[in-house]
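Engineer: There's a structure below that I have some questions on.
Every number here is computed from the coordinates shown, using simple stated rules; none is lab data. Please read all numbers here as calculations on a predicted model, not as lab measurements. Methodologically, a virtual Cβ is constructed for each residue, glycine included, from the backbone with ideal geometry; neighbour enumeration extends over all protein chains shown.
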Amino acid sequence: MSITEEKLNDNSKITANSKQLEILKKNFPNCFDKDGNFIAHKMEEIVTGNGLELSKESYSLNWLGKSYARLLANENPRTQLKEDKKHNQQEENKNSQNLLIKGDNLEVLKHLKNAYENQIKMIYIDPPYNTGGDGFVYNDDRKFGMEELSQLAGVSLEEAKKILEFTASNSNSHSAWLTFMYPRLYIARELLKEDGVIFISIDDNEASQLKLLCDEVFGEENFIAEFIWQKRSGANDSKNLVSSDHEYIISYSKRQDISLNGTEKTFANYKNPDDDPLGDWTSGDLTCNKTATERPNLYYPITDPETGITYECNKNRVWRTVKSKMEQLIKDKKIIFPKSGNGTPMYKRHKSEVQSLYQPMSSLLGSYLNANSTKELRTVLGEQIFSYPKSTKLLKTLIISASNQDDIILDFFAGSGTTAHAVMEQNKEDGGSRKYIIVQIDELTDKKSEAYNAGYKTIFDITKERITRASKKIKEEISKDVTKDRSDYDLGFKIFETTPLLENPLDKMDKFDDNTLKLFEPTILTEDDFNALLTTWKVHDGIKLTDELKEVTFKEYKAYYGDKKVYFVHNGFTTEDLKEFIKKLDDDKSFEPNKLIVFGYTFESKYQREISEALASYTNKKSIEIDMIVRY
Ligand SMILES: C[S@@+](CC[C@H](N)C(=O)[O-])C[C@H]1O[C@@H](n2cnc3c(N)ncnc32)[C@H](O)[C@@H]1O
């Protein structure tokens, strides 16, 4: 039994490379000396001993703020997560596995990290393109001193000063955009499954920067493709008399051997009219686009062994293969000779020799005009209240190409919620049960906008309304289709949002000191505060947001249990409750915690000690080891 004390939001030991060093130290302890210095040549031995060469390439992407961006990626969340209980308890939402989360996506991604690491099969994002007119500015309320930042980010004082200037100046430079994107992509990669794929929409403004940034985050060898699609059919306001009518979607995976699904080949023209034991076949060209002068060894006559008829080779289109191989093919009955003696022999291609059953996906995705997507959204919402939504058809193409029917799909720049809508539509079409997680910041709508006048005070309100209406419409469509039983179809969604941290008494102290520690007055914390605490903790401890904690009551005391963790957050715990807790450990087969997490601010240290002593000295009947964590 061990007791650990932890402060969940403590960033005091986080630097631009603290987590990465931890991973290196854990996996390659021999690469560090007794003072913790890195021994580069030992790592070199590991790498080159494996047959790998050290790259001589010194090319890399650098920008002002890169170290700061790495620091941001490593920091722990500075918020809590709370649920919208009223919405989540509604009949259509209470068992839903879909999530709509309100908040800055960097905070949300950090919250999701432990519970959703390696869980997401497909991510699609459509971030601000930084066009100059799309309102992107770097926005960051972290307050660092120059020296502090220089130390944490590992940069000179001069660079720290420049970084602080640009983070405070609402910049929309390339550096600002890269600093915004880097930590989000870094954590997004951690959420992707080993065979997961990310798609990122972008246009010419940041396409080059984004490609290099993704090479840095995902690894150059994990690039899948740069897709393009047509967004309009020509504009009058073209620069240099070129109308830029397309956008890009770049895609990366975590591993080199990942392929997209492609489309299944139909093999409609493969038949077996002659009962060929090798199965269905189709006829294929036996010639190639070369002349007899170019390839004299492919220029020779061939004879049908059954009829004795000889077929001359075409001087301008010689056979595909050399004579010896052709003779073997004739013997193997792979050549179809014309019945009448007129015409050209053909190759008999069997279905079994086709290497892939899938048609590769083209990097030209086709036309998904913005005008049509705008109309599509207007049909759902009744008004024109969101500019440039993407098309659900485009999203469905990506969903089919990179997900299976029960995967989780994430979009952390949700906008009007097109991704969620497309996931529901695709499930309707192919009977899948894909789940979505979408994230949208509570960005205010312009007071003069149609959206504001229509009652949408934030973009989040638009996201929520769109998916609510889309799911209602799909439900109606399904109910009309008597051929399908979709009673299990998940058209609900749960809502969570980021919320400020509780004012912690400890934050005001330099050093943890049990004597001066003031407990929260029981009345200070509301039911909502405890709910937020439990939601934040469970997801931190790896429990999915859609998995509920169960209430368990001891004598009088209410605790919470899930995934072998038991949470004591309320005050009022007594020795009687402790006895009941131990009894439950012995008697209740479904109660098998291996971690007890208590809230240090409400839980008196007297009881913390009493529990730890009881757990240490007591061997429960199930012989389970319980670690105790006092969390602040
Ligand atoms: C280009 S739009 C996405 C449009 C979306 N694909 C659609 O079809 O409606 C980008 C969205 O990301 C949101 N956003 C920008 N910064 C964000 C952040 N830090 N966290 C969460 N959402 C953010 C914006 O409010 C905007 O709604």
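Engineer: What percent do you get for the relative contact order of region 181-274 when only Cα pairs under 8 Å and 6+ apart count?
Structural biologist: The normalised contact order for region 181-274 reaches 35 percent.
Engineer: For the chain, what's the relative contact order in percent, using C-alpha pairs closer than 8 Å and at least 6 residues apart?
Structural biologist: 19 percent
Engineer: Among Q359, V155, Q256, whose Cα projects farthest towards the positive end of the dipole of the chain, with charges put on the beta-carbon of Lys, Arg (+1) and Asp, Glu (-1)?
Structural biologist: Of the candidates, Q359 comes out farthest on the positive side.
Engineer: Let me ask another. Once you list every other residue whose beta carbon is under 14 Å from the beta carbon of G219, what net charge do they have if Lys and Arg are +1 and Asp and Glu are -1?
Structural biologist: Spelling it out: positives minus negatives among the neighbours equals -4.
Engineer: Which of rounded, prolate, oblate describes region 281-355, given a ≥ b ≥ c as roots of the alpha-carbon gyration tensor eigenvalues and a/c under 1.5 marking rounded, otherwise prolate only if a/b is larger than b/c?
Structural biologist: In terms of gyration-tensor shape, oblate.
Engineer: Counting DSSP beta bridges with both partners in the chain, what percentage is antiparallel, nearest 5?
Structural biologist: Antiparallel: roughly 55 percent of the beta bridges in the chain.
Engineer: Apply the Karplus parameterisation 6.51 cos²θ - 1.76 cosθ + 1.60, with θ equal to phi minus 60°, to every residue of region 359-365 and state each ³J(HN,Hα) to the nearest whole Hz, in sequence, with x for glycine and proline.
Structural biologist: 8, x, 7, 7, 6, 8, 7
Engineer: Rounded to whole Hz and in sequence order, give me ³J(HN,Hα) for region 290-297 from the Karplus expression 6.51 cos²θ - 1.76 cosθ + 1.60, θ = phi - 60°, writing x for Gly and Pro.
Structural biologist: Karplus values, whole Hz, x for Gly and Pro: 10, 9, 4, 5, 5, 10, x, 6.
Engineer: Quick check for me: using +1 on Lys/Arg Cβ and -1 on Asp/Glu Cβ, what's the dipole size of the chain about its Cα centre, in debye to the nearest 20?
Structural biologist: The calculated dipole for the chain is roughly 1680 debye.
Engineer: What does the highest-first list of 491-501, 430-440 look like by mean Cβ count within 10 Å?
Structural biologist: Ranking the peptides 491-501, 430-440 by packing returns 430-440, 491-501.
Engineer: Just from its helices, what would the mean residue ellipticity at 222 nm be for the chain, if runs of 4 or more DSSP H residues each count -39500 (n - 2.57) and the sum is divided by every residue, rounded to the nearest 500 deg cm²/dmol?
Structural biologist: -10000 deg cm²/dmol
Engineer: In which sequence would M361, M122, M346 go, from the one with the fewest C-beta neighbours within 10 Å to the one with the most?
Structural biologist: With the fewest neighbours first, M361, M122, M346 line up as M346, M361, M122.
Engineer: Please go through the residue pairs K85/K472; K484/K544; K85/K475; K42/K544; K42/K254; K66/K113 and name each one whose alpha carbons sit more than 28 Å apart in this structure.
Structural biologist: K484/K544; K42/K544
Engineer: Using Cα centres only, tell me the gap between region 93-172 and region 572-632 in whole Å.
Structural biologist: One Cα centre to the other: 38 Å.
Engineer: If one computes the Cα centroid of region 182-214 and of region 1-24, what distance in Å separates the two points?
Structural biologist: With region 182-214 and region 1-24 each reduced to a Cα centre, they are spaced 26 Å.
Engineer: Would you mind checking which residues have amide H under 5 Å from K435's amide H? H placed 1.01 Å from N; only 5 or more apart, or other chain.
Structural biologist: D407, I408, I409
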